[in-house]
Each structure stands twice: as C-alpha cells, then as structure tokens.
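The values are calculated or read from the model by the stated rules, or taken from the named source; none is laboratory data. Just so it is clear, the structure is predicted and the values come from calculations on it, not from any experiment. Here Cβ is always computed from backbone atoms with ideal geometry, including for glycine, and neighbour counts include all displayed protein chains.
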Amino acid sequence: MIEVMTDKQFDKIIKMISMILDGCKDLDEAKKKVNELSDTPKKDEDE
C-alpha cells in the first residue's frame, strides 16, 4: 500500500523543522537535533 502525504502534513513537517533549526547555533547542533528525532539515529560524522 502506498502512503500519500497531504499538503497539510508536509507543511506541518516543514514548520517543525524550521522551529528546530531556529534554535540552533550552528550546523552541527542542527544535525544533532534532527538525528535525535529520527527513528533510526545515525552516528555523528565529522565532515
């Protein structure tokens, strides 16, 4: 079964991401916060 995301759901996700990024001082902090929210956390990688 294919799941379809509505425009309203997509907008809500974008707003949540924006709120997360607004509170971040730098890219590493943003990556860490997004990683913590993900279902499958990845290791922190230095780039």
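Summary table
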quantity	calculated
Complete set of residues in region 1-12 that are under 22 Å from residue 35 (Cβ atoms) and at pLDDT below 90	5
Some residue of region 28-35 being at pLDDT 85 or above, exposed (fewer than 10 other Cβ atoms within 10 Å of the Cβ) and either in a helix (DSSP H, G or I) or not small (Gly, Ala, Ser) (or both)	no
